[in-house]
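These notes are about the structure you will find just below.
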Amino acid sequence: FLLMGKYGVFIYPAISLVYAYATYLSASAYRMKWMYISAAICFVCVVLYRFVPYAEYPILMAAMLICGNLIPGHIINYKARKNV
């Protein structure tokens, strides 16, 4: 349902769904509750693919990368430096 568009299966939602699941698995592995928020934002972006035009797909992908990689990476790096 989430992967189908007017012209067939889109690759952005497929990649994003795998990425969102991997973010959720990382949150589970690290056992950091705030990372679940990142995973939830990624899943919301996957659902939003169904409702936005194709031209705006890269914006959703960028939002996922910022919320799923950049922000958690900076937080983990800050905590690691603080413990040293």
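The values are calculated or read from the model by the stated rules, or taken from the named source; none is laboratory data. Please read all numbers here as calculations on a predicted model, not as lab measurements. Here Cβ is always computed from backbone atoms with ideal geometry, including for glycine, and neighbour counts include all displayed protein chains. The protein model used for the area step is the full one, side chains on, heavy atoms only, and it has no ligands, DNA or RNA in it. Shrake-Rupley method; radii C 1.70, N 1.55, O 1.52, S 1.80 Å.
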- On full extension of the chain, what length is gained from Leu70 through Ala22, given 0.36 nm per residue of separation minus the C-alpha to C-alpha distance? 15.8 nm
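If you roll a 1.4 Å probe over the heavy atoms of the protein chains, what accessible area per residue do you get for the range 41-84, in Å²?
Working: 3060 Å² over 44 residues.
Here the residues of the range 41-84 average 69 Å² of exposed surface.
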- Item | Given charges at Cβ of Lys, Arg, Asp, Glu: the chain dipole, positive-most of Pro53, Asn77, Leu25 | Asn77
- Note on the structure: Taking Cα atoms only, helix 71-83 is inclined relative to the longest principal axis of the chain by an angle, in degrees rounded to 10, of 10 degrees
- Inter-centroid distance (Cα atoms) of the range 60-84 relative to the range 8-47, Å: 14 Å
- Note on the structure: Going residue by residue through the range 17-34, the Karplus relation 6.51 cos²θ - 1.76 cosθ + 1.60 with θ = phi - 60° gives ³J(HN,Hα) values, rounded to whole Hz and with x marking Gly or Pro, of 5, 5, 5, 5, 5, 5, 5, 5, 5, 5, 4, 5, 5, 7, 6, 10, 5, 5
